[in-house]
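Notes to accompany the following structure.
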Amino acid sequence: MTILSPRFHSGLSGIFRICFPITIAIVVIASGIPLHARWSIDLDHDALSLYERGDPAFATLQWTAEENMTPSRAPAPPAFALYDHLDRQIRSLPVLPSKTATDTWTLPVPTDRLGYFEIRPLSTDAATIIPALGSRPAGRLTLAVVEKINPDPSHAFTASFLGIQGTTLIRQRDGQAYGWDAYPYLGIQSVGLGYQWGQWEADGPGTFEKNIARDKQPRWVREQKFVPWFHLNSIPMWAADPDRLPEKERKSASTQRIPPRDWNQWQAWLEKLVPYLVKNYDYLPERVYEVMWEPVIPWGWYGTPEEIVKTFEIAHNVIHRLDPLGKVAGPTLASLGDTGYYETLLEAGLSRYLDIVSVHPYRGYPPEKSAIPDALQRIRSVTASRLGRELPVIGTEFGYPQEKTGSALDQGYALAASVLIFKGEHAAKHTLFYLADYALEAGYGMSYNLVSGLPFGPRKISPKPGVPMIRAAIDQVGNADSVGKLDYFGANILGYVFRDRADGTLLAALWDASGANRRVDFDAGVPQAELVDAFGNRSTRPTADGHLELQLARSATYVRGISPQLYGEGRIAPLLDTTKIWKLYRGRPATETFTLTRDAGSAEPETAVARLTFDTAADINRGRVQSPVSLKKNSRATISFDVAATAPLGPAVGYVRIRENDRSVYRGTQRLEVLPELDISPLSADRADNGWNVTATVRNTSPWPWSGIVTLRHENAAPSTRRLALGAGAMQTLRFPVDTVDAARILPASLRFVSDLGPGLEQQGSLTFFTLSRYNPAEGDVWSRLHKTRLPVTSETLWKAHPDASYRGASDLSAEIGYAFDDNGLYIEIDVRDDVHRQEAAPGATWSQDSVQLAFDVAPGRNGNSNLLAETGERTRSEWTLAWTARGPEIFASTTPGGSPVPENTVVTAPGARLEGGRRGNRTLYRVTLPWTLLDPVSRRDGKRLGIAAAINDSDADTRPEDRRGLEFFGGILRDKDPAHFGIVRME
């Protein structure tokens with residue numbers, strides 16, 4: 001994304017509309033005379049709505065009536081209550097008359113408990129009493145209570161993990177906008193400061209000294225004890241060649257998307273800047289220079305890879321010559337999906353000029369299910385393969401738009417979880433995006449923007465639920481090191497162990513990413529532990545021989561003071577020789593051994609008992625499993641038990657206690673995994689001689705024979721059942737004939753295997769009964785060889801713009817559609833039957849009348865980038881509108897893929913794209929050729945699968961614009977714009 005915060009960090013002033021307290025105009029009829037009056041309500045911390053624990057807090061409710069109106073006194077005030085983040089009413093708020101003003105009431109607000117809270121009127125007209133304001137929804141005031149502000153969040157400039165983008169313009173310091181008012185409440189440790197050439201010499205060469213004289217950031221940062229890093233990512237337009245930019249970008253004062261015309265000027269600028277930063281930030285243990293910002297070809301960088309390398313080469317040479325503590329960070333990838341591009345840059349020579357790898361680690365939602373650890377490890381591996389060593393990884397922008405997560409609460413869960421995941425995976429920095437909502441990309445803010453128009457740097461914000469969760473997370477792990485991952489509690493239960501640098505305390509963070517709020521048996525290994533909830537509220541709980549039963553939630557629970565014997569460095573699978581993961585199968589016996597790694601207590605043989613228990617939620621075996629064991633080093637214990645047929649699949653943990661004389665003298669954990677007995681391939685729909693088959697290949701992966709019942713279920717037919725027997729290691733392909741198919745829909749299906757022993761397995765899938773055939777020019781004209789499918793008209797395929805829109809049968813609207821492909825592109829024919837053809841719309845609106853819309857995704861199933869700017873450049877889907885107009889045949893580009901040579905929202909004139917056919921009687925023929933250079937300009941398709949959808953639009957009369965209808969071939973065009981609803985077809 002384009003970085004926006006440095007202009008506020010630098011103290012440059014701006015003009016913003018001030019948001020006043022909420023007012024509600026009310027008209028009361030009294031004796032025939034209208035009385036205009038208003039309620040207003042706001043918190044005493046009205047600019048931020050953030051409180052430290054124990055702060056006095058209140059809301060003021062006021063009634064104001066116009067003068068000389070009768071009655072002039074206010075009615076009885078409405079009642080209010082306080083709600084928590086889970087929408088639970090936790091207490092009523094007293095409404096007390098003010099001692100200093102008439103028609104004014106005070107609502108004391110408790111701040112004794114940390115968390116996110118909402119003040120809501122207890123009436124049916126809550127949205128009238130508190131209307132929507134900025135991005136905050138109606139009916140509530142929001143506030144957060146956090147722990148006391150830490151005056152040294154960076155711990156003497158040694159901890160710089162948590163950063164943030166986004167500012168407010170509430171206070172001024174030294175006559176300049178300050179911007180960091182909310183940061184201490186969030187526990188922010190580091191800030192990115194704008195020291196771009198395009199900022200400090202925007203008005204011409206040689207103006208640095210004059211402009212830098214107004215820089216107040218060095219003193220502000222030191223006073224706040226934030227650790228800064230420096231953005232260098234733009235150059236002034238006078239130093240660039242604007243002809244290399246798209247025309248719309250040439251009027252800016254600076255750019256970050258092309259190199260300077262003269263490399264000597266870039267070097268001269270750095271030779272002025274670096275000594276200034278060395279002098280003014282001389283107290284830092286290191287100074288980090290982030291040189292570029294998302295230089296991703298073709299959308300974020302209009303130059304070449306070699307010019308990127310040259311930019312870094314000069315920066316690296318100057319920084320290392322003039323700053324002995326300087327570190328060069330880059331290339332600032334736009335997402336964790338850019339690893340291949342990163343490797344290309346390293347191969348081009350970038351590997352010689354990096355000290356730190358910087359990335360905007362967007363990876364999709366939710367963070368727990370988007371393979372962030374694997375992606376970070378991939379970056380480290382690629383780096384090590386080129387440099388011979390790993391480099392620190394810093395994340396300098398990461399966020400989620402609220403719309404993508406589903407709610408402000410889910411956004412908060414995701415942001416707080418991201419703090420723990422990136423810290424747990426050893427990232428050196430994690431920078432949250434964005435402090436408050438803004439108009440350009442609505443919903444990214446972790447706070448509501450309460451200013452009309454949602455400007456950057458608002459003067460008034462209020463928190464979303466993520467704010468206090470983030471503060472609690474950084475209070476726990478901000479000055480801690482990651483020890484390891486707790487990955488054995490089952491699917492979607494995540495955990496990490498951290499060691500506090502201050503006193504060596506070990507703590508675990510655990511949460512249930514599924515939202516099922518499951519219970520787990522956690523072995524803390526100590527007589528009592530301190531529990532900290534997601535907002536920072538603390539309690540102490542005794543354990544049962546070291547065990548705690550934890551009720552997990554979507555947000556983290558922190559367990560402080562856990563055993564260093566169990567969870568110290570290198571010991572998360574510790575005291576016993578248990579590095580081997582036990583592989584278990586449901587309903588089968590298991591015999592395993594473990595070995596003591598050192599002496600423990602008595603030298604007498606067989607004087608102790610080794611006991612193995614399991615997390616009760618896992619239900620692997622509820623009995624007591626035990627074996628005699630000596631307490632001498634290298635002693636072995638053999639454990640035998642039966643695995644329950646109902647044991648859940650996936651990783652789990654067994655807790656080992658070695659007890660002597662009724663006391664535990666040894667503790668350990670044993671990792672284990674319950675494996676599926678069968679490996680089942682994804683379901684597929686395959687053409688057969690007389691129709692279609694649903695096909696899956698299954699292999700018995702267990703050491704025992706498998707026998708049981710297999711059942712296929714799908715919507716088009718009754719369940720199909722057969723018996724299956726497979727020897728150990730045997731494999732078989734199952735084919736289920738399907739007589740009736742719907743070629744226009746994605747068909748959900750499931751294949752269930754139930755063993756004679758009881759355990760079941762299920763493979764679910766989405767079937768598409770449609771294929772794309774390769775066109776061979778030797779066989780003749782493509783259109784004569786194209787096989788077309790008639791689109792069925794059902795409640796699911798017939799779309800109406802209004803419930804009352806009419807449909808009079810096949811003569812009103814029906815269609816056949818066919819696709820083919822070759823190495824050059826796609827060929828699609830749509831034969832539409834329609835009694836009235838109407839197409840009078842201007843370009844860009846042809847979709848609203850008789851037309852065809854086509855959508856494609858050349859990489860179906862791709863996890864979209866939550867960096868919306870990067871997603872625009874990386875997008876693999878596209879949408880095109882075909883129309884026969886009075887202007888002639890027209891192809892309109894509604895949505896284009898990343899790197900497209902055709903701008904969005906334009907008529908396509910690209911070579912190779914053409915629309916043929918036309919109107920003949922009551923039929924309209926659309927024969928369109930779309931080259932791969934339009935659909936896949938940067939070659940992202942794998943050549944085997946393609947996401948497709950089509951919509952045939954019909955509008956007969958302009959007097960009733962709502963009387964529009966359409967036929968859908970798959971979804972993702974008319975009812976929504978979601979590529980997940982495209983059909984995924986095979987290219988044969």
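With a cut-off of at least 2 residues that are open to solvent by 30 Å² or more (accessible area, probe 1.4 Å), name the strands (runs of 3 or more DSSP E) lying wholly within segment 423-490. Give the steps one after another, and end with the answer.
Numbers: elements: 430-433, 447-449, 461-463, 480-485.
It comes to 480-485.
If you take the residues in segment 918-940 that are closer than 17 Å to Phe856 by Cβ and open to solvent by 80 Å² or more (accessible area, probe 1.4 Å), which one is farthest from the chain's Cα centre (by Cα)?
Among them, the one singled out is Thr933.
Out of all the residues in segment 626-671, which are open to solvent by less than 50 Å² (accessible area, probe 1.4 Å), under 30 Å from Phe753 (Cβ atoms) and either at pLDDT below 75 or over 30 Å from the mean Cα position of the chain (by Cα) (or both)?
Ile639, Phe641, Val643, Ala644, Ala645, Ala647, Gly654, Gln670
Within segment 491-507, which residues are within 17 Å of Pro373 (Cβ to Cβ) and in a strand (DSSP E or B)?
Here is the first cut: in segment 491-507, the ones within 17 Å of Pro373 (Cβ to Cβ) are 491-498.
Selection gives Ile493, Leu494, Gly495, Tyr496, Val497, Phe498.
When only residues in segment 974-984 that are within 16 Å of Val858 (Cα to Cα) and in contact (Cβ under 8 Å) with a residue 40 or more places away in the chain count, which is nearest to the chain's Cα centre (by Cα)? Can you show your working first?
From segment 974-984, those within 16 Å of Val858 (Cα to Cα) are 977-984; that's our starting set.
Filter again for in contact (Cβ under 8 Å) with a residue 40 or more places away in the chain, leaving 977, 979, 981-984.
Numbers: Lys977: 19, Pro979: 17, His981: 20, Phe982: 22, Gly983: 24, Ile984: 24 Å.
Top of the filtered list is Pro979.
Residues in segment 185-243 that are among the β-branched types (Val, Ile, Thr) and crowded, with 24+ Cβ neighbours inside 10 Å: how many? Break it down stepwise before answering.
Kept after step one, since they are among the β-branched types (Val, Ile, Thr), are these residues of segment 185-243: 188, 191, 207, 212, 221, 227, 235.
The next check asks that each one be crowded, with 24+ Cβ neighbours inside 10 Å; those that pass are 188, 191, 227, 235.
Here the count works out to 4.
Check Ile119 against each of (1) in a strand (DSSP E or B); (2) within 30 Å of Lys225 (Cα to Cα) and name the one condition it does not meet.
For Ile119, the exception is condition (2).
Pull up segment 539-560, narrow it to residues that are exposed (fewer than 14 other Cβ atoms within 10 Å of the Cβ) and more than 29 Å from the chain's Cα centre (by Cα), then point me to the one that is nearest to Pro465 (Cα to Cα).
Ser539
When the residues of segment 250-260 are filtered to those that are closer than 17 Å to Glu307 by Cβ and either charged (D, E, K, R) or within 27 Å of the chain's Cα centre (by Cα) (or both), which remaining residue is surrounded by the most Cβ atoms within 10 Å (Cβ to Cβ)?
Selected residue: Arg257.
So, in segment 398-419, of the ones that are farther than 16 Å from Leu186 by Cα and part of a loop (DSSP other than H, G, I, E, B), which residue ends up most open to solvent (accessible area, probe 1.4 Å)?
This residue is Gly406.
Report the residue count in segment 680-698 for those that are at pLDDT 95 or above and surrounded by fewer than 16 Cβ atoms within 10 Å (Cβ to Cβ).
Selection size over segment 680-698: 1.
So, Leu506, is that one under 23 Å from the mean Cα position of the chain (by Cα) and at pLDDT 90 or above or not? Steps first, please.
On the way: under 23 Å from the mean Cα position of the chain (by Cα): no; at pLDDT 90 or above: yes.
Against the criterion (under 23 Å from the mean Cα position of the chain (by Cα) and at pLDDT 90 or above), Leu506 does not qualify.
Would you be able to say whether some residue in segment 423-436 is in contact with a strand residue (DSSP E or B) (Cβ under 7 Å, 6 or more places away or on another chain), closer than 20 Å to Val532 by Cα and of a type outside the set (Lys, Arg)?
There is at least one residue in segment 423-436 that is in contact with a strand residue (DSSP E or B) (Cβ under 7 Å, 6 or more places away or on another chain), closer than 20 Å to Val532 by Cα and of a type outside the set (Lys, Arg).
Return yes when Glu879 is closer than 30 Å to Tyr434 by Cβ, open to solvent by less than 20 Å² (accessible area, probe 1.4 Å) and assigned to a strand (DSSP E or B) and no when it is not. Before you say what the answer is, go through the steps one by one.
Numbers: closer than 30 Å to Tyr434 by Cβ: yes; open to solvent by less than 20 Å² (accessible area, probe 1.4 Å): yes; assigned to a strand (DSSP E or B): yes.
When the stated conditions are applied, Glu879 passes them.
If I go through segment 716-766 residue by residue, how many of them are open to solvent by less than 30 Å² (accessible area, probe 1.4 Å), in a strand (DSSP E or B) and among the hydrophobic types (A, V, I, L, M, F, W, C)?
Counting residues in segment 716-766 that are open to solvent by less than 30 Å² (accessible area, probe 1.4 Å), in a strand (DSSP E or B) and among the hydrophobic types (A, V, I, L, M, F, W, C) gives 10.
Here is a list: Ala127, Ala138, Ala76. Which entry is under 30 Å from the mean Cα position of the chain (by Cα), surrounded by fewer than 18 Cβ atoms within 10 Å (Cβ to Cβ) and of a type outside the set (Lys, Arg)?
Working: Ala127 fails: under 30 Å from the mean Cα position of the chain (by Cα); Ala76 fails: under 30 Å from the mean Cα position of the chain (by Cα).
Only one candidate qualifies: Ala138.
Looking at (1) out of contact with any strand residue (DSSP E or B) (no Cβ under 8 Å at 6 or more places or on another chain); (2) closer than 20 Å to Trp880 by Cβ, which is the only condition Gly818 fails?
(1)
Could you please find all residues in segment 778-799 being open to solvent by less than 80 Å² (accessible area, probe 1.4 Å) and either among the aliphatic types (A, V, I, L, M) or under 39 Å from the mean Cα position of the chain (by Cα) (or both)? If you could, list the steps in order and put the result at the bottom.
Taking segment 778-799 as the starting set, the residues that turn out to be open to solvent by less than 80 Å² (accessible area, probe 1.4 Å) are 780, 782-783, 786, 788-789, 791-794, 797-799.
Those that are open to solvent by less than 80 Å² (accessible area, probe 1.4 Å) and either among the aliphatic types (A, V, I, L, M) or under 39 Å from the mean Cα position of the chain (by Cα) (or both): Val782, Leu786, Thr789, Leu791, Pro792, Val793, Thr794, Thr797, Leu798, Trp799.
Going by the structure shown, is Gly175 of a type outside the set (S, T, N, Q) and free of Cβ contacts under 8 Å to residues at least 60 places away in the same chain?
Details: of a type outside the set (S, T, N, Q): yes; free of Cβ contacts under 8 Å to residues at least 60 places away in the same chain: yes.
Considered against the rule, which asks whether it is of a type outside the set (S, T, N, Q) and free of Cβ contacts under 8 Å to residues at least 60 places away in the same chain, Gly175 comes out as yes.
List pairs: first in segment 406-434 and under 25 Å from Leu143 (Cβ atoms) and without any contact (Cβ under 8 Å) to a residue 60 or more places away in the chain, second open to solvent by less than 20 Å² (accessible area, probe 1.4 Å) and of a type in the set (Phe, Trp, Tyr), Cβ under 7 Å, 6+ apart or cross-chain?
Pairs found: Gln411/Tyr400; Ala414/Tyr400; Leu415/Tyr400; Ser418/Phe398.
Mind checking which residues of segment 84-107 are touching a Pro at 6+ places or on another chain (Cβ under 8 Å) and open to solvent by 50 Å² or more (accessible area, probe 1.4 Å)?
Result: Arg91, Pro94, Leu96.
Hey, any hits in segment 262-276 for a residue that's over 20 Å from Gln199 (Cβ atoms), without any contact (Cβ under 8 Å) to a residue 24 or more places away in the chain and surrounded by fewer than 16 Cβ atoms within 10 Å (Cβ to Cβ)?
Within segment 262-276, one or more residues are over 20 Å from Gln199 (Cβ atoms), without any contact (Cβ under 8 Å) to a residue 24 or more places away in the chain and surrounded by fewer than 16 Cβ atoms within 10 Å (Cβ to Cβ).
Confirm whether Tyr775 is open to solvent by 50 Å² or more (accessible area, probe 1.4 Å), out of contact with any Cys (no Cβ under 8 Å at 6 or more places or on another chain), among the hydroxyl-bearing types (Ser, Thr, Tyr) and not assigned by the TED database to the domain that holds Ala647. Reasoning before the result, please.
Values: open to solvent by 50 Å² or more (accessible area, probe 1.4 Å): no; out of contact with any Cys (no Cβ under 8 Å at 6 or more places or on another chain): yes; among the hydroxyl-bearing types (Ser, Thr, Tyr): yes; not assigned by the TED database to the domain that holds Ala647: yes.
Answer is no for this residue.
The values are calculated or read from the model by the stated rules, or taken from the named source; none is laboratory data. Keep in mind that this is a model prediction, so the values were computed, not measured. Note: ideal-geometry Cβ built from the backbone for every residue, glycine included; neighbour counts use all protein chains shown. Surface accessibility is based on the protein's heavy atoms, side chains included, excluding ligands, DNA and RNA. Shrake-Rupley method; radii C 1.70, N 1.55, O 1.52, S 1.80 Å.
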